[in-house]
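No value in this document is a laboratory result; all are computed from the given coordinates. Everything numeric in this text was worked out from a predicted model, so none of it was measured. We place every Cβ from the backbone using ideal geometry, glycine too, and count neighbours over all the protein chains shown.
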């Protein structure tokens, strides 16, 4: 089995990758894999309420969110890229599409993470996920110029904030226990949304309990397991059922 | 990672395990794992039309189907058990439930395969799947007497004959290329349903193409890949996204 | 194209065939086809509230419902059979199963009508539909003794009383305009549920408007069209898209 | 019953109409009906990988795909129109909308075929289907200038390449046996995607078997039947259940 | 419990609010609450066929629809606003988005009504509903300039014209009996679509019967109850189950 | 508006009503309403693992579970009834059906709470919910002897342990803040499943946050809100949208 390649995470806003995929990023980094995080916007309008209430202007809000995002990415071992495509609403444009195709072809990910298709509480998340899934297909097409076409990396949707009302059914529980401290550290960096640290610590613990409850006798998960939930877009390809 | 344990396959009729899960059984056997196949009935009424038309009586039909099933299981490297619970309709009874709980606790499978929840063309398949899933839960309960409780082995539903009208969406494609010849040999043993060999060879090839189309650059599937499709009942628990 | 064969309608209670499939029955009768209506119960407990409130005993209630059902069937041109299997709850038994397999094999229907899979307001309707679909499969099996096996007649679910909450999506709109007067006459016979005549006349008119709205330029439906809605269980097989 | 009118097929790329609706087109042509095929793009970027790898430029790729498409359409007895709206991504524009409304009003189809709503492997197919369904409604509106409004021709979605993961449930199986040789000839013309001939021959045979398995005793399908699967967008309107 | 605030209704065309939400508007007006109706277009192209056939020009059609809409709104006790964003197709634009965010922040609704997500017979209704739901979220965001952010008013989708084929499952039945006469008067004003008065009177009565059938013993609905059906977008928040 | 009547809770095992509906029970009791809890079994086999591991026999296990259940019910202000119908598997029998119809008719509930239709981790929960919904319909039927028929009380499904994999979408969030201490006390009584107190306290807080996030400006929920999630079986009937 060849070495695993890079991880590519495509999110609408900088916070998303921390809360929802921080464990997967830290695991990849731990294994010496490249972990590239593409933040399509800074979440400057839709997810920075406390900064606006603090009187900051648009550029200042963006700067704060960028800095937070970079620090959190570093804490996880990943590299954050910002596409500044605007949020609330995030819109698919030819320029953004082209940039993401180029990114796919440069990074050549072996795994892609992004938002799930539905979220009635957030208008950018479904759009970012759709862009991520569409540009992956474009990057596979020989007729799209610029760089070498990629293969078909599996795509995982990370868990929305309120899965029950987003039609999100977890079909993968990823054990992130070995890197839980790194995820916790990254979450604590996200000052603008600090109240979420406890929320996502609880979630990590809850998904961990479920991981243990759903694993056969042989996986050997630790007593306190932390996990992240994901949903596949394409079938898993495997050489063994487990 | 500990060694994988036994495989348990629970089917309504003897043919099912050959067409739909023969590759998974042969893979387990190749790896030195025990592969136990529980046929709840002989398919004596619902899947033996050619035998009836040949003028055989009920006991003769059962005997033929048993012999076929045993030979096919042997060709795959598995062991077939027959519960003779009757087919068309297969009915859940306390006796069958008790026998299957005992089987779960004796075999202690690390993976379970069975029928998917819906099949508008076959009345026994959904019932057998439901029985398999229910008795697995009973076998986990400390309050059910007889033997030691089991853990929580993952359950995979194998592909129905007409997946599109059975609400079956493959979420796992299992590469069975290394054991394809064994599956083919087992299929050829199933004389009563011989016209299906071509059908399921085509299906194996088609699912193989999809496996290649859906695998990232690192899995390295062979030029001609054969695969079987499965659908998970519970979330996958994993230490790595792939 | 060969002549169409008999129509078989399997319902939980005598009223069902009148309100929900009366038009289809009358159309078959008009075309000289046999139309057999199997009422699994008399609806004696669940759909005869006014009779009970009128002080009748169980046998009297059954007798009234039988008489109504026979008259309504006659008005439509069909023949009603009563299986007296009990209602509220209607239960699948080996005896009922055997009787229905025999019926399928005797009638040899070219079309089958029955209840849809879900109805949160009625506990017998889904059960009757399930029995109808299961016994049709049994009647096809060479291993089930008694009579000659049947082919695969298409199955249509007729419209539940409140389709929106029964997950019922009409996929067939049957023009019953030529026999509307016969359906109206049959509905008027159903004294115990007389308040439904207006309800189902409105529905017939509404489905008729939809039939016109959904038909291409060539069907030539009349100015006032009446229709009944159905949902297929199996794919339509056709030699022409229309 | 009046004579059937023209068939209108709206596809994203030239290949689509051959693989997925070639039988329906050839049937219409055989019956002397006009069969118009609107290819919204040439599939120049997303479905011409072998041409690009052969070193052709954009215009050359388009020319090859146009020629192939025209030849295949002719082999089926249809006429191909190319809208050159660009692929990967195909985008809905006011100009394309206007052109399609004009097409609907000129052709005045009695049946419309197009792509199904979902395909996680292709970004243009769902868009083309959406455009086809939306412009049909616009063509019905008296307030949209240009030509005479049309009626409500039924719309059928043809089968995606991987129906199981596209939420595609066949509800119509069209017997294309009488024109199978024509479809085969048209498929063999599609040089750029030649590996698909075997794939779609197998599919035609498989859907044919299902057509026989699902037809009542009276349809009289031949021993070797070929079929294409479709899914309705609107309810079928009929004067007879069958 | 504080006094209820304004009602905001966002529709694609002027007729929509009358047929589908007239009762809710009249109830709010009766209680002294402001009822603001935002008509995104005049329905000038898609819902004014009789005016076009009468030879009117675009501006005249708009003027007639505006007048009708204003009169109907007045009859209900609401105030109609027209955004003239164009119909068939209605398109989301930055200008329309900005105007609606401003409207949300000015009206500060305690309840929002709009179209449901799907309607295969109308291309504007789903778009209008999507715009209404998206702009509500934007109006909640501190980073969107202009006015004070709003809270999270519940959103109800009103009933499409053909609920069964729009995947619309009523989960709220609103008793509008006290204001039925006002709804009837408003419906009668809608000259261009006069044939719908009977249709929606029947529907009101039918939903009223269902309201009675689904209410516990304590709601005390009148003998003849009229109702409108709605579907919630977000969970109901309540201090008591009822 | 008349005074609210009794609350009837039907559960498979004694623990269920505490964890999942304890707040609703305590609210009813606070308001002076009768709250009757029907435990169909003692959960003696499926939910008493620690007792079995402690060496108790069947009768002792039942006795412990009964005592716990009675204490917890008392702490909430409700009365627990035990039907001792057996668990793992819980089976619908004529005797149990009759007893529950009699209970419905004696209690005459204005609200019913029970299990949701699906739970892949528990075989009794869906069965208990099905029994509860079916017997409610039987209790409404004039033809079922014994007592006076009931009306149509609304039915709410309480939240399963893992809602995301049970197809459970909360559509009602019940504010239970005023009785949170009572629910907490009742949870602490459930010694055999004590590890769940923290789990359900977290859940209560999480649903409380969502209740605040989804409530309009006028509901005035407290700073720390606790809530329970429910899913309706039938449409809500109301005189006001909120």
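Given only helices, namely DSSP H runs of n ≥ 4 each adding -39500 (n - 2.57), what is the per-residue ellipticity at 222 nm of chain A, to the nearest 500 deg cm²/dmol?
Computed ellipticity for chain A at 222 nm equals -13500 deg cm²/dmol.
List the distances, in nm to one decimal, from the label point of residue B:198 to the label points of the same position in every other copy, shortest first, placing each label point 7 Å from Cα along the Cα-to-Cβ direction.
Spelled out, the distances from residue B:198's label point are 1.5, 5.9, 6.3, 6.3, 6.8 nm.
So what is the relative contact order of chain D, in percent, for Cα pairs below 8 Å that sit 6 or more residues apart?
In percent, rounded to a whole number, it is 23.
Just which residue of chain A brings its Cβ nearest the axis of rotation onto chain C, and by how many angstrom, rounded whole?
Nearest Cβ to that rotation axis, in whole Å: A:167, 8.
Within 10 Å, count the other beta carbons around each residue, average over each peptide in A:222-229, A:184-191, and list them highest first.
A:222-229, A:184-191
Cα centroid distance between segment F:164-206 and segment A:109-123, in Å?
A separation of 29 Å, based on Cα centres.
Rank A:201, A:50, A:41 by mean-square fluctuation in a GNM of chain A with C-alpha springs under 10 angstrom and give only the top-ranked residue.
Maximum among the listed residues: A:50.
In which sequence would D:149, A:18, C:101 go, from the one with the fewest C-beta neighbours within 10 Å to the one with the most?
D:149, C:101, A:18
Quick one: grab the alpha carbon gyration tensor of segment F:7-231, order the square roots of its eigenvalues as a ≥ b ≥ c, and give me rounded if a/c is under 1.5, else prolate or oblate depending on whether a/b is larger than b/c.
Judged from the Cα gyration tensor, segment F:7-231 comes out oblate (a/c at least 1.5, b/c at or above a/b).
How far, in nm to one decimal, is residue C:49 from itself in the other copies if the label point is set 7 angstrom along Cα toward Cβ? Shortest first, please.
The answer, with the shortest distance listed first, is 4.0, 4.6, 4.6, 4.7, 6.3 nm.
What relative contact order, as a whole-number percentage, does segment F:110-204 give when Cα pairs under 8 Å and 6 or more residues apart are counted?
27
Determine the shape class of segment D:102-224: with a ≥ b ≥ c the square roots of the Cα gyration tensor eigenvalues, call it rounded for a/c under 1.5, and otherwise prolate if a/b is greater than b/c, oblate otherwise.
Prolate shape, in that a/c is at least 1.5 and a/b is the bigger ratio.
Can you list, shortest first in nanometers, how far residue F:145 lies from the same residue in the other copies, with each label 7 Å from Cα toward Cβ?
3.8, 3.8, 7.9, 8.0, 8.8
Give the shape of segment D:22-144 as rounded, prolate or oblate, defined through the alpha-carbon gyration tensor: a ≥ b ≥ c are the square roots of its eigenvalues, a/c under 1.5 means rounded, and otherwise the shape is prolate if a/b is larger than b/c and oblate if not.
Oblate.
Other chains' Cβ within 10 Å of C:171-181 residues: what's the mean?
For this peptide, the per-residue mean of nearby foreign Cβ atoms is 3.
What average count of beta carbons from other chains do you get within 10 Å of the Cβ of residues in F:85-94?
For this peptide, the per-residue mean of nearby foreign Cβ atoms is 2.
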